Structure formats: structure tokens, C-alpha cells
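*Asks:* Quick one: structure below, then a few questions.
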Amino acid sequence: MKIIMLGAPGAGKGTQAKQIAAKYQIPHISTGDIFRANIKNGTELGKKAKTYMDQGALVPDELTCDLVMDRIQQDDCKNGFVLDGFPRTIPQAQALDAALKKISQTMDFAIDVDVPDENIVNRMGGRRACLNCGATYHIEFNPTKTEGKCDVCGNETVLRDDDKPETVQKRLSVYHEQTQPLIDYYKNQGILKSVDGTKPMDDVFTDIVAILGE
Ligand code: ADP
Ligand code: ADP
Ligand code: ZN
């Protein structure tokens, strides 16, 4: 099963993608996590990506597309994958379609996790991330067992630099300009499904499973 998660920053794509990956036994591919891992390891890619991410802008397609195309051709993606945070632009979606076409494949589902802008600022302000293992929490909706410590690996959890209110506004406008058009793109392909992302996390997941099948 090959799935794309669509939705504004903070809509809950990552939260749902992790559960989808576990239930359907497919890899969770988050471009944001890949960039953050590169930043942490001080790679060239990380250095380049950071300048854009810090401003709430998108990393250019040239730096993003090849990375994802390589990843989805790895062995563990044979039975499918869930893409979280990619594609984010029409050219990225076209690059993905072209790569799949070469191997006579297409995406199966694009799931839009729909959350209005009003809810997003609160979601992102309360998000806490573990930069060691990629786990995400919310101070109100999904707190860590011990304040400030990752449940999974024990590292400290932090407010991401790009989750500060100034940058969140910028990311939201980038989303509306560059990513939201993908909703129509996948609607036209007949694979778009929408879920109400304002519901509690477990209810959103139940709705997604109803779409994907048990
Ligand atoms: P969120 O989960 O809050 O939407 P991500 O972790 O997906 O955030 O992305 C963080 C940042 O990484 C984005 O604001 C952008 O700068 C960069 N990024 C992630 N994925 C992409 C992509 N597909 N294209 C361009 N930039 C990306
Ligand atoms: P995205 O990957 O779309 O940027 P995340 O999955 O990281 O979004 O979720 C953003 C924040 O909102 C996190 O702090 C997460 O714990 C929280 N969150 C996710 N889904 C829900 C939900 N349905 N209700 C309340 N909070 C949620
Ligand atoms: Zn952790």
C-alpha cells in the first residue's frame, strides 16, 4: 500500500503516519525527519536544508526529490510506504508520479488530514519533539510521562525552532500557496480521501483505517 499524508504543518500527519506504518507494516518516510537527521549529523544536505527550514520556507525541490526517489526504491519499500511531508509542491508530486511510472506503479491513497488554521497555532506551540528518535508529543494532548523527557529514548524533548509562532505563520502561508494545490491534484487522480483532523488522535486513526481497510 502506497500512501501520501497531506495536511497543514501540525495537522497530525506524522502522528497518523507512525500508526499507519505500524499497523500495515510499511516504512514511514518523513522528509522533515530526514532533514533533521542530516542537520544533527552536520551533513552538507543538512546545512543547506537548515537555512530554509529556519525561515519556514520549503527546501528546494532539487534537494528533496532525489532523496525521496532513492528512499522509495530501497528493499523495505517493496510492499509500500507512507510518505509524510512529501510531496509538498506540484513539481514534487510530478517527480514522484514519474518515478513510479517507470516501474509501472501508482500511489494508492492521498489522505488529507484536515485542520483549520485556527487550531494549528495551538497544535504547534504545544508540540514537543525528540530530536534523537523523532517521537513527537503535545504538552496537552499527548504529554510525555516525565516532563521534558522522551518516553521512547529518554532524551530531552524540545520546541522545534520552526514551531515558534512567527515561523508557524510563515509555514502556514507556504502551505496554502504551495502544498494545498495538491489536494486538487490527487482529487483529479481519484485517490484523495479526507479525514477530520480536529478529532482526537485515536478517532482520526479509526477513520483512516476505515479508508485503508483492516
Ligand atoms: P511538519 O510535520 O510540521 O509539517 P516537517 O517536519 O514535515 O514539518 O517539515 C519541516 C520543514 O522541513 C518544512 O517546513 C520544510 O522547510 C522542510 N521540508 C520537509 N519536507 C519537505 C518537502 N517535501 N519539500 C520541501 N521542504 C520540506
Ligand atoms: P504534522 O506531522 O502534520 O506536522 P504532528 O503529527 O507532529 O503533525 O502533530 C502536531 C502536534 O499536534 C503534535 O504535538 C501532536 O502530538 C499533536 N496532535 C496530533 N494529532 C492530534 C489530534 N488529533 N488532536 C490533538 N493534538 C494532536
Ligand atoms: Zn526520543
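Any read-out appearing in this document is the output of simple, stated calculations on the displayed coordinates, not a laboratory observation. Model, not experiment: these values are computed from the prediction. Neighbour counts are summed over all protein chains in view; Cβ atoms, including those assigned to glycine, are modelled from backbone coordinates with ideal geometry.
*Asks:* Name the one entry in 91, 60 that is away from ligand 3 (no atom under 16 Å from the Cβ) and free of Cβ contacts under 8 Å to residues at least 12 places away in the same chain. Working first, answer last.
*Replies:* Numbers: 91 fails: free of Cβ contacts under 8 Å to residues at least 12 places away in the same chain.
From the options 91, 60, the qualifying one is 60.
*Asks:* Give 40, 48 a once-over and let me know the one that is surrounded by 12 or more Cβ atoms within 10 Å (Cβ to Cβ) and either out of contact with any strand residue (DSSP E or B) (no Cβ under 9 Å at 6 or more places or on another chain) or without any contact (Cβ under 8 Å) to a residue 24 or more places away in the chain (or both). Show your work before the answer.
*Replies:* On the way: 40 fails: surrounded by 12 or more Cβ atoms within 10 Å (Cβ to Cβ).
None of the other options fit; the residue is 48.
*Asks:* Of the numbered conditions (1) more than 10 Å from ligand 2 (Cβ to nearest atom); (2) of a type in the set (S, T, N, Q); (3) surrounded by 15 or more Cβ atoms within 10 Å (Cβ to Cβ); (4) closer than 25 Å to residue 87 by Cβ, residue 144 satisfies every one except a single condition; which is it?
*Replies:* It is condition (4) that residue 144 fails.
*Asks:* I need the full set of residues from the stretch 82-114 which are buried (at least 21 other Cβ atoms within 10 Å of the Cβ) and within 16 Å of ligand 2 (Cβ to nearest atom), in order please.
*Replies:* Within the stretch 82-114, 82, 83, 84, 85, 86, 87, 88, 110, 111, 112, 113 meet the criteria.
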